[in-house]
There are 2 protein chains.
Amino acid sequence: MEPVRLRREKVVLDTSLFVNPEVRGDFGNTPTEAVEGFLFLAAQIPTLEFYMPSSIFKELLNFIEPDKISGDLFTILHQKSPRKHELTCPAFLLYELIEDIRERVNKGLRVAEKAVRGVSKGDEKEVIQSLRKNYRDALREGIIDSKEDVDLMLLAMELNALLVTVDYGVIEWAEKLGIRWLLPSKFKDYLLSSIKRVKEQITVGAEGGS
Amino acid sequence: MEPVRLRREKVVLDTSLFVNPEVRGDFGNTPTEAVEGFLFLAAQIPTLEFYMPSSIFKELLNFIEPDKISGDLFTILHQKSPRKHELTCPAFLLYELIEDIRERVNKGLRVAEKAVRGVSKGDEKEVIQSLRKNYRDALREGIIDSKEDVDLMLLAMELNALLVTVDYGVIEWAEKLGIRWLLPSKFKDYLLSSIKRVKEQITVGAEGGS
């Protein structure tokens, strides 16, 4: 009997997996260790292909010591930009993006007005500091707001890949576009389960072949 | 000899053509008169089809007295939304939109900070009023920032039409997408020239047939 072939699957990774202290713990104590920890598991799963947008990989390099990481980094974690001049996205998403931005812009103005009204009651310097924080929160939270976010989303779309990210703005868009996603906190379990399945298949394959 | 056939052409209209006082002058003194003036010319050009997105038409109805306008309004100016769930747009535009928004968001914050710093020197009420104006200018000028803007752009794309608008945000995107556009200030000349060409063709046609 021919063994059931495991489906090959592509996975797109965000840096948060290795960089964000709350997230990377599953793989290592430092970003460099986390990358090594990931590569150790990933090397055991020939059915999975791992990708990272080049822009995101560049960010990652600011956090890790590449000299301490084995060459597996380049054979296992592929760096690739999305084909942004060939890909298209559904036009109705433009409406959602524009509506979302409108709401945020209005929210930003209310934050600014509140700050102006607060000056008489507080220290100007403190008011400006809290203005900056509140404004950024109002305008940036839960939105795709950078080139890197778009890279992640489009690469996952292009490769029909599973997207591993903790960024809720990106996740919201992944939902709109039908891109599968996984939180980094579940990613180690995902890898361990994949290793188990690969081993099962090897056993089944060996039995089938005997 | 068979006469050369005039190319049929589609034209998508923004409301500014009829509503904006600086623009509508070519067609009439009031929005209602401007619409009538346009219809009078348009009725003489069987080679042109005129469209307006439904959302924009709804805006127009707030400015005109439909009872005073002939039924030509509905046979000559077609109301139609773009097929937003079928159309796609090139993904690289997302990058441009996101970058543009980032810049504006940062500009908005600088405007807000300046307002906070201005409170000690001016009246709070005045500061807030000028904050509102400056903030809106910083965040909205030259950007597609409404559902109606997207409607205009997508309908022109869908119909491969000439887009007549004065909105620089929409024009900028028309340029990115390869949509032809014309300023309303040139539109009356465009219609008059079209009428001339239609008449020439009729003459040529009649001669050709004799």
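Values in this text are rule-based calculations from the coordinates and carry no lab data. It should be emphasised that the depicted structure is a prediction, and the values quoted were computed from it without experimental measurement. With ideal geometry, Cβ positions are generated from the backbone for all residues, glycine too; neighbour counts draw on all protein chains shown.
Placing a label point 7 Å from Cα along the Cα-to-Cβ direction at B:K121 gives distances to the equivalent points in the other copies of 2.6 nm, listed shortest first. Calculated from the alpha-carbon coordinates, the protein assembly as shown shows an Rg and a Dmax of 28.9, 92 Å respectively.
Here the stretch A:64-210 is treated as an ellipsoid with the same Cα gyration tensor; its semi-axes, largest first and in whole Å, are 43, 20, 15. Close amide H partners of A:E49, meaning residues 5 or more places away or on another chain with modelled amide H under 5 Å apart, are A:E9, A:K10, A:V11. Any idea how far the Cα center of the stretch B:140-181 sits from the one of the stretch B:63-119, in Å? Using only Cα atoms, the two centres lie 8 Å from each other. Here the relative contact order of chain A, from alpha carbon pairs under 8 Å that lie six or more residues apart, stands at 29 percent. Distances between copies of B:D100, taken at a point 7 Å out from Cα along the Cα→Cβ vector and listed shortest first: 1.7 nm.
Taking amide H as placed 1.01 Å from N in the peptide plane, B:G25 has no amide H partner under 5 Å among residues 5 or more places away or on another chain. Excluding residues on the same chain fewer than 8 positions from A:K147, give the lysines whose Cα lies under 20 Å from its Cα. Candidates past the 8-residue exclusion: A:K58, A:K80, A:K84, A:K176, B:K107, B:K176. Rank A:L41, A:I76, A:S185 by how far each Cα sits towards the positive end of the charge dipole of chain A (+1 on Lys, Arg Cβ; -1 on Asp, Glu Cβ) and give me just the farthest. The residue sitting farthest along the positive end of the dipole is A:S185. Across every pair of non-identical alpha carbons in the stretch A:1-155, the mean reciprocal distance, once inverted, gives a Kirkwood radius of 19.0 Å. Using the rule -39500 (n - 2.57) for each DSSP H run of four or more residues, divided by the residues of chain A, the 222 nm mean residue ellipticity is -18500 deg cm²/dmol.
Each residue of the stretch A:17-71 gets 86 Å³ once the volume of the Cα convex hull is shared out per residue.
Built from the Cα atoms of the stretch B:98-176, the convex hull projects on average onto 6.1 nm², one quarter of its surface area.
If you count the DSSP beta bridges with both ends in the protein assembly as shown, what percent of them are antiparallel, to the nearest 5? Roughly 10 percent of the DSSP beta bridges within the protein assembly as shown come out antiparallel.
Annotation: amide H of A:S81 within the under-5 Å range of A:S54, sequence separation 5 or more or interchain, hydrogens built in the peptide plane. Neighbour counts of other Cβ atoms within 10 Å put B:V166, B:V204, A:V111 in the fewest-to-most order B:V204, B:V166, A:V111. Label zone (A:L6, point 7 Å along Cα-to-C-beta; backbone nitrogen cut-off 17 Å) within the stretch A:163-192: A:187-192.
The alpha-carbon of B:K199 sits under 18 angstrom from the alpha-carbons of these lysines, leaving out residues fewer than 8 places away in its chain: B:K188.
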